[in-house]
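One structure below.
Since every read-out is calculated from the coordinates, none of them should be taken as a lab result. Given the structure is predicted, the values throughout are model-derived calculations rather than measurements. For neighbour counting, all protein chains shown are included, and Cβ atoms are generated from backbone atoms with ideal geometry for every residue, glycine included.
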Amino acid sequence: MSSAPGRYFIWLLLSTTLTLSLRAEEPTPVKQSVPAKANENKGEGRSSRQGGGERASAKPGTMLPADAVIILCDQANETLDLLPKAVILRPEKYQELLDQIDKLKKQIENPKNENAVPPTRCFLRGKVEAGAVRLEAEFSGTAERADTLVSLACSQAGASSAQTDGHMAQIRRSNTGGFLVRLDKAGEYHVKLDLLVPLVGREGSSRGFELTLPRAVITQLELDLPSNCTDVRLGGQLLKDLQLPGLELKNNHLRGSPGLGPVDKLDLSWKEARPSVGEPLRIAEGRIQARLDAVGLTTQADLSLTAEGAPTKVWRLLVPRNAEIKVLASDKEAPIEHRMETDDKKYAFASLRTIYLKEARSDPLHVQVKSPLLPLSPRGSAMPIGPFFVFDAARQTGTVLVRNQVRSLHLDYRGHGDMQLRRLETEESKGDVPATVATLVYSNIPLVEGPTAATGPQSLSWLDLEAVRVPVQMRMRVSHTLTLHKASSKAEESSSLASQRAYWHVTTTIAPATKWADVEPLKIFVPPNWEPADENVLMPPTSPPRWVTVPSALLREAPTQAQRLEGRYKASYKAEEHAVLKLPQPQGTIESCEVKIEAPADVEVVLNNVEQSSLELTRQPRPNEQTWRCRGVLGEELGIDVSWRPYRPELRVTAVVDLTLNGHRGEVRHELRLQLPPTPPSFVTLRVPAILGDTLHIQDEQGQDLRSLRTESLADEQRQLADKADKPADADRLSPGRLRLPVPTKESGKEWRLLLHYTTRLGEKDRTPRKGEPLLVPLVTLEQATTGDFKVRIWSEPGFLPRVASPRWEEQSIEEVKDRALPMLVLRTAKFNTPLRLVLSEQAAGFSALVERALMRVQLEEGGTQRWQASFRLRQITDRHLDLLMPAPVVTLNAQFSFNGHKVIPVVVNDQGENSGGGAIARLHLPPLGDRQQTGNANDNQGPANPSSILEVFFQSPPGRSSGSPLHTTLQPPQILRATGAPICWQVSLPPNRVLLAPESAPGVERIWTRRGWLLLAAELSVPPEWRRDYESAALVCWQAPNVPIVLTHAPQLAWLLVCSLGLSVVGLGLYGGARVHGQEGSRLAAWFWPLLILFTLAIAIAVLFRPTLLFALIYGCEPGAVVLLAVVGVQWLMHQRYRRQIVFLPSFSRGRAGSSLIRKSPSPRPPSGEPSTVDAPPPHVG
């Protein structure tokens, strides 16, 4: 059995036995429940065939609990009768129900999703202070629609201030504690929060903080850590072990991105090598209870004051005037000995209380503050709660409970800082008087400096309660239905308002929140142009305000039924118009308001004052039906500004207008790009102002002229225009004609491009517009355009600056236009029917010209005189004159000025613009715009579409004005005042007896080698290329920021040659002599010579990259020394060769036939005197 087959048989037998034993222990599964008897019979038969042990293991009773009761029945129906309320389910159905229950439990446990979007960028900047981290958080992004809710997270922090685009932001906390901000309009936004995050102790001596982040796309952090911190960890890992290339810690300043991609949490900790001992960290937790009853408002604040880090004896509190403060001890300690000082003069509307404890303590200190009773005004007014400031507190949080027991008083809660309303509920079962309880939470409310009132934004109040007295049960829900009806009767169509065939009908439904009042009737205020649809509705014949009264008897008959009021507006309107419809307002508290707008199927409606009315679109099944929900209550002075027009499909158009103002005319290049809808229209209509006349030219994408497609109606209007010569200009301008252009393609989504050229008239005929006079610029518009972008770029004559006078046009940044100068003004609007109004103002002293390029040629002469030639390439000249600030008084420079090749006589003025003979400002009066373009630069090949001018200044600076020392010369360039300039190209030439050492030339400057005497000198070619003269060279060519002087460092040529050459000779001869080592095998180079040679080569390479000017100056200075050094080295080499030759060919030696002894590999000992040399000895005899 010890063989391989035997061992295999034993393993097989053991495996089979183990498998059978495990199978016998498994319970027998029940496949079917019926028929029971058949299964029992089969089981009995099987048991009778098996052994007794197996029968005991197969008993089903072993699977039942100990207290189970077994009931045996003949039929399954008998079992169901025993449990009449039992429900029988299949296992899979029962498991499905269990899964649904788990899902519902998770939904209850998880907070409500508020559909908040994260910002795009999050930037945190701050520093770690004693016990807390002060952060300035900036969040930015783009809101796709108005009323967007943005999640800012930061649940662990308290906010002291919040701003949105420079204005105070109304933030609140979400269900999870994070900050939320609601944006009123779409577009880019910037939210700024001042946060305070407390530090917490970690394991060991570590400290840190944790802050949730909103998972922005870009997250940046700049944090100043304590100076004694070590082992900085991010997310529990050492910062140096993390693979975060964008995050670095340098000098305890942490900067960069704390993660790759969106970051949801910032967990930072560190160890302090020397625990800082300083001021204690003060923390205040508060519970404020305010009760409002028929007498007035009483407030009590329970503050828990804790000092961490170090105990303290002093607590300073800012509380309401005449407040009562008590320091309470706990049940287990004795009364706390203290004294208190009161200062009512330092702060207005508040009192400063300072508590001095006899012994310093870090345990919580319980302070109770009771404010005096604030009487309730009969008419209702704002009442303050607070302040309860704890000075020097790193964190001050808590809750505020406001209990309103006056049922006829409605409260609006106006919190300051991070004060958020969490819950508002009604306690009907507590006490005899029902109350409305509001729960608010606060965190680090900012202290207002210099308060001016007891309530409001500029006050010390924490919470303002604005009380408004209303009828007890006048709480209601209002809905308005505005319906546009067309005139259907012949009497209406034949009236004097036959062209005004539409009117608005309004139905106001008022539903009670609980029940109608039992005493007072319901009063509904109606607008002046409203009239009831039911003749039975009566209104008092008094003067406004007008109202309709619902009797109280009618309300008592149906206390829960909604009341309905129907009416119409007296005015009638055209088929395409807009109107401001003021709605009926019931007297009382409106909990919710809904406005529904309906129109015929062939009409679409647009609401224009959505933001002003605080409306939110909730449903729009069709273009002619809209349902809006009001977030607040519509003011009495506000109405629904609605526009309606015949329905047309959406057509997106992008228009770009290039307008050039020239006197009383405007040259227009108008480009239209139409994005055709899924069902393209058969034609489009252009609305053409009649004042354009025959100047309109239209081209399509292929350049085909579409001018011949003008309709007859427009031609008739223009023929009638000649008969209306007596009419004012504005009458013609407001009577546009129409051009109907057929759409060449029916493919949806394809772009159709039209190019229009026309000349429009500005102001009165043949008269240049005056400064400050508003101008209406007539432009061609597309009637079918629904959405898109309309951009206007404006050019004007110098001296005039156009400004927009239309509120719906937004001014954009100046942009570059191909083959044209920069525009003076860029405007944009989203509505194509918005008129363009401009105002021409005189050019302010802010921008006079655009310096495209500037070149300064300076020639320094031996006596110190400087000859200057300054050249400026100018574009976009907006002034009729240019002011040049010269480096010295103009009369001392012998200056000459040339503009486009024509000599200009300057007027010398001082800094105040007054004529002065000793001034340093030269005022150049320029020719008119037309002459300026005709006398442009001959080298400018850009054409009239891109005009540029060349201004040249020649002057000579006398010696002694710019030299700071014999080795330095400062060059101050002439400056064009109020000009936007480009970097200046400098070309400086030195006299032959000077060598330039600094500054360095511009990168990429071309250098050539020239001869100065018998030496080679590196010179530089001038740039830019269009101003380069053939083979023109200079000592320095560099670029410098505009209006910034450069300082030249130069040395005398003879002294420079002597110092450099002498130094090279000394160093070279020293290396030549010291680098050679003489030994038994001859002379060789020293071991340190090659590393020194490598370092010298690297130094030359670095100088070529960073200091080429100094390098070439050194090369020039070392040229004489290099010649001398080469001559000395050459003479030494010749003498050495001659010496070697003398040794080889001494007279006492004779040359051997086979070779010389000099080529032996190893020297042989010299034979003794008298014996023959081994060279001359005969060969030995062998044998």
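Some points to look at:
- For a label point 7 Å along the Cα-to-beta-carbon line of residue 1049, residues of segment 1095-1113 with backbone N under 18 Å: 1100, 1102-1113
- Note on residue 643 and residue 356: the extension gain reaches 96.5 nm, defined as 0.36 nm multiplied by sequence separation minus the Cα-Cα distance.
- Additional length obtainable on full extension of the chain from residue 862 to residue 260, 0.36 nm per residue less Cα span: 210.4 nm
- Computed E for residue 322/residue 514 - FRET, C-beta separation, R0 51 angstrom, nearest 0.05: 0.80
- Summing +1 for each Lys or Arg and -1 for each Asp or Glu among the other residues whose beta-carbon sits under 15 angstrom from that of residue 979 gives +3.
- Which of 874, 249 has the fewest Cβ neighbours within 10 Å, and the rest in rising order: 249, 874
- Using a Förster distance of 35 Å, the FRET efficiency for residue 272-residue 138 (Cβ separation, nearest 0.05): 0.75
- In nm, spacing of pseudo-spin labels at residue 554 and residue 805 (7 Å Cα→C-beta vector): 5.2 nm
- Theoretical gain in end-to-end length, residue 771 to residue 822 [0.36 nm per residue, Cα-Cα removed]: 16.2 nm
- Cα-projected label distance for residue 562 with residue 533, points at 7 Å along beta-carbon direction, nm: 1.4 nm
- Rounded to whole numbers, the Karplus 3J(HN,Hα) couplings from phi for segment 202-215 are 10, 5, x, 9, 7, 9, x, 8, 10, 9, 6, 10, x, 6 Hz, using 6.51 cos²θ - 1.76 cosθ + 1.60 with θ = phi - 60°, and x at Gly and Pro.
- Fewest-first sequence of 1112, 1089 by Cβ atoms within 10 Å of each Cβ: 1089, 1112
- Sequentially through segment 857-865, phi angles give Karplus couplings (6.51, -1.76, 1.60; θ = phi - 60°) of 9, 10, 10, 8, 9, 5, x, x, 6 Hz, Gly and Pro residues having no value and appearing as x.
- Under 11 Å from the residue 344 label point (7 Å along Cα→beta-carbon), backbone N, segment 285-321: 321
- Inter-label distance for residue 1128 and residue 1090, nm, one decimal - labels placed 7 Å from Cα along Cα-to-Cβ: 2.7 nm
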